[in-house]
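K.L.:
Have a look at this one before I ask anything.
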Amino acid sequence: MSGDSAGYAWLPESARNERLAHVAATLTRVLFGGRPGLALFCGALALYVLTWRMEIFFNDIGLYPWMLDRMVDGHLSLGVPGELNQGYPGMHYRDGRVWGRGYGVVALALPVYWGLELLEPLVDLRWLVVVGFSVTVFATTALVGDLVGRRRRGLAAGAGLGGLALAGNAWFYKPHIAELSTFAMQAATMLAGAVLVVAVYRLLALRHGRTVGALAGATVLLGTPVAFWATTPKRHTLSAMFIVLAVYAFAASREGERTPREAALLRGGAYACGGLLAWAHAPEGITLLGALALVDLPTAPRNDRRTLAVVGAIGGLSLVPFLVTNTLVSGTPLLPPHFLDPYHGESLAALTDGAGSATSAGSSAGGAASSGSSASGGVVAAVEAVRPLAERALGMYVSGFVALVTEPQRVVRTFVRWGETEKDVVNMFFDGRTDLSVLESAPVLAALVALPVWRWAGRLRASERRLRDAVDPVDLFVLVFALLLVSLYINNLPVHVQGTVRYLHPVYPLAVYGIFRIPRVRSLLVERTRAAVLGYEAGVLLGTPLAFGALLFVDASKGEVVQPFGLASLAVAAVLAVALVAGRYDDRFEGVAAATFGVAVAMATVYLLLTAFVLFHYGPSALPAVDALSGEFRWLALTNG
């Protein structure tokens with residue numbers, strides 16, 4: 001015997017069970033913030049697996065599984081130009097070799113790959129997915145039943161649904177699995193998406209209690225594009241996870257009962273999220289670190305030497321993978337691979353004839369660092385190599401802020417009504433009309449209309465106190481980061497192959513945080529949770545068959561389906577905004593607002609199911625039953641449309 005059973009074998013069985021229950025409760029509290037967080041984690045994984053397609057969504061995603069295979073073999077480079085048998089956007093060239101980018105995204109999938117590599121000889125991985133899905137369905141249903149005071153019903157429903165899922169997938173089972181690297185990348189991204197949902201729950205639970213946290217977590221999972229991108233191994237889900245974790249750590253560090261040591265460790269944790277995000281995607285990581293420093297230092301209760309040393313040490317350690325990877329790939333610790341010369345399949349001779357500026361800068365910086373007369377000379381050379389990029393980045397922020405004010409059409413197309421953009425000739429899923437704006441993707445964000453902006457502005461004007469007393473630091477951090485992120489990308493929008501404005505993906509959970517920080521909306525949803533749940537159920541149960549049924553009778557392209565759906569989402573968003581505004585003057589509108597909030601969340605869920613099962617079904621579903629049934633439906637739609 002080993003573990004708890006061996007250590008407590010002398011105890012009666014009831015005492016051992018009590019000990020194990022205590023350990024389980026402690027782990028649940030530490031990892032998930034309690035049973036609501038665990039329910040959200042299991043529910044998120046169940047939803048992601050339900051909509052999981054085991055293939056590559058669009059072209060540049062194929063780079064990451066390839067990078068993972070190379071990393072497993074001990075290589076950071078992809079090979080020598082002219083000898084590669086595949087090519088993707090995001091490949092770069094330096095010093096006779098081809099490199100990838102976003103190494104942090106790939107490196108974080110390594111533990112998942114190694115675990116799957118151990119399991120693959122022992123079990124069919126698709127069976128592992130099937131059983132895992134059934135277990136998460138059972139766990140989610142049982143936990144929700146327990147939380148709402150219906151424990152027995154929850155257990156019975158969970159056992160029924162989990163058993164039905166297992167039997168159905170066993171009936172349709174066919175042995176198929178993606179390449180191990182692709183499987184690992186998608187599984188790691190789904191885990192990051194589940195952690196993101198739990199982080200939102202913990203953040204709002206920290207500030208307003210578990211009920212609000214659970215509602216916010218469910219809203220992010222079901223009412224935003226988080227689930228849409230959770231099976232796509234790109235940076236977007238990982239970025240959103242690190243950003244929300246940074247906000248949570250920052251908020252926890254400001255809790256009054258924290259000791260100075262705990263507060264310093266949590267502040268350092270927030271900076272560590274920025275450092276790790278920089279490893280995955282340098283522009284967004286640096287943006288997070290900049291926003292955090294701008295808000296944290298002026299509003300911190302303590303900025304003594306010891307505190308700053310702890311914060312700086314943790315933040316500095318988190319940057320080590322980023323700096324080491326940059327040195328190995330780019331030749332200088334401050335130049336991310338993202339800024340090296342792009343590689344488009346040229347031969348080595350062609351590349352040698354014309355070296356690009358970024359490659360030359362990286363090479364010269366690396367040479368200076370290795371052969372320079374002193375370490376300081378190498379540092380100066382590295383800084384000089386990166387200075388043009390820093391100036392360019394600063395210009396992007398400034399021009400982005402200017403565009404937000406001077407280009408209303410661009411702002412409206414990005415946030416309200418996307419419409420049609422240029423067609424991506426490479427990808428069959430993006431015909432120029434298959435992209436949605438922020439509000440079309442998540443109509444629930446219309447609830448932000450209830451923000452009491454004028455009240456906050458008046459408080460700022462009237463206050464003569466310090467910044468940390470006049471403004472909530474966490475709210476300020478979220479606002480500053482969101483503005484910086486939008487300004488970073490707004491000049492590149494609208495552009496094709498966005499889906500749900502994926503460049504601004506972290507904005508969705510931050511906006512939900514903003515919604516639940518509004519006292520009126522928060523109290524409305526807590527007091528009228530039943531109305532919101534009924535609105536969600538009605539939206540899904542009526543909207544799903546309506547959307548799917550229409551495909552059986554209308555011969556339409558993907559864009560001709562997506563654009564009307566976007567208009568329907570805007571209509572729901574408008575009703576929600578009007579109901580919330582009217583609720584200020586007449587309490588009778590509060591029930592309408594709560595129900596419409598649920599319908600707005602349902603719109604995102606219906607869109608997820610519609611795209612996963614029919615419109616963007618770019619590969620076999622992970623679940624055999626879903627694969628078989630959605631295939632039959634697509635055939636009927638094709639023959640009857």
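The values are calculated or read from the model by the stated rules, or taken from the named source; none is laboratory data. Given the structure is predicted, the values throughout are model-derived calculations rather than measurements. Ideal geometry is used to build each Cβ from the backbone, glycine not excepted, and the neighbour counts take in all protein chains shown. Only protein heavy atoms, including side chains, enter the accessible area calculation; ligands, DNA and RNA are left aside. Shrake-Rupley method; radii C 1.70, N 1.55, O 1.52, S 1.80 Å.
K.L.:
Tell me, what are the semi-axes, in whole angstrom and largest first, of the equivalent ellipsoid of region 209-301 as set by the roots of 5 times the Cα gyration tensor eigenvalues?
P.N.:
25, 19, 9
K.L.:
Here's another thing I want to ask about it. Quick check on packing: order 605-611, 402-408 by the mean number of other C-beta atoms within 10 Å, highest mean leading.
P.N.:
605-611, 402-408
K.L.:
Using modelled amide H (1.01 Å from N, peptide plane; none on Pro or chain starts), what sits under 5 Å from the amide H of M91, excluding residues fewer than 5 places away?
P.N.:
For M91, the qualifying residues are Y343.
K.L.:
Whole-Hz Karplus ³J(HN,Hα) for region 193-205, in order, using 6.51 cos²θ - 1.76 cosθ + 1.60 and θ = phi - 60°, x for Gly and Pro?
P.N.:
Listing the rounded values in order: x, 5, 4, 4, 4, 5, 5, 4, 4, 5, 5, 6, 5 Hz.
K.L.:
How much accessible area per residue does region 190-317 have, counting only protein heavy atoms and a probe of 1.4 Å, in square angstrom?
P.N.:
On a per-residue basis, region 190-317 sits at 32 Å².
K.L.:
Whole-Hz Karplus ³J(HN,Hα) for region 40-45, in order, using 6.51 cos²θ - 1.76 cosθ + 1.60 and θ = phi - 60°, x for Gly and Pro?
P.N.:
Once θ is set to phi - 60°, the couplings for region 40-45 become 5, 4, 5, x, 4, 4 Hz.
K.L.:
If I model a spin label at R29 and E257 as a point 7 Å from the Cα along the Cα→Cβ vector, what separation in nanometres do I get?
P.N.:
Reported label-point gap for R29 and E257 is 1.1 nm.
K.L.:
Rank these residues by their accessible area, most exposed first, probe 1.4 Å: H617, H208, H92.
P.N.:
Greatest to least solvent exposure: H208, H617, H92.
K.L.:
Relative to the compact-globule scaling 2.2 N^0.38 Å, provide the ratio for the alpha-carbon radius of gyration of region 462-551.
P.N.:
Normalised by 2.2 N^0.38 Å, the Cα Rg of region 462-551 equals 1.55.
K.L.:
Now a separate question. What figure in square angstrom, to the nearest 10, would you give for the accessible area of C42 with a 1.4 Å probe?
P.N.:
So the heavy atoms of C42 present about 20 Å² to solvent.
K.L.:
Percent of Cα-Cα pairs per 10 Å bin, from 0 to the last occupied bin, for region 493-641, please list those.
P.N.:
Spelled out bin by bin, region 493-641 gives 10, 33, 32, 20, 6, 0 percent.
K.L.:
Quantify, in whole percent, the carbon and sulfur part of the accessible surface of region 276-326 (1.4 Å probe; protein heavy atoms only).
P.N.:
Within region 276-326, the accessible surface is 73 percent carbon and sulfur.
K.L.:
Just to verify a number: what accessible area does L448 come out at with the full protein assembly present, 1.4 Å probe, Å² rounded to tens?
P.N.:
60 Å²
K.L.:
Leaving ligands and nucleic acids out of the surface, order R522, R392 by accessible area at 1.4 Å, largest first.
P.N.:
Ranking R522, R392 by accessible area, largest first, yields R392, R522.
K.L.:
Amide H to amide H under 5 Å from L78: which residues, 5+ apart in sequence or cross-chain, H placed 1.01 Å off N in plane?
P.N.:
V98, W99, G100
K.L.:
Moving to a separate point now. Tell me, what is the 1.4 Å probe accessible area of F589, in Å² to the nearest 10?
P.N.:
Near enough 90 Å² of accessible area.
K.L.:
Turning to a different aspect of this structure: For region 517-596, what are Rg and Dmax over the alpha carbons, in angstrom?
P.N.:
Looking at region 517-596, its Cα Rg and Dmax stand at 15.5, 46 Å.
K.L.:
Which whole-Hz couplings ³J(HN,Hα) result when phi for each residue of region 22-34 is put into the Karplus expression 6.51 cos²θ - 1.76 cosθ + 1.60, θ = phi - 60°, listed in order with x for Gly and Pro?
P.N.:
5, 4, 4, 5, 5, 4, 4, 5, 6, 7, 10, x, x
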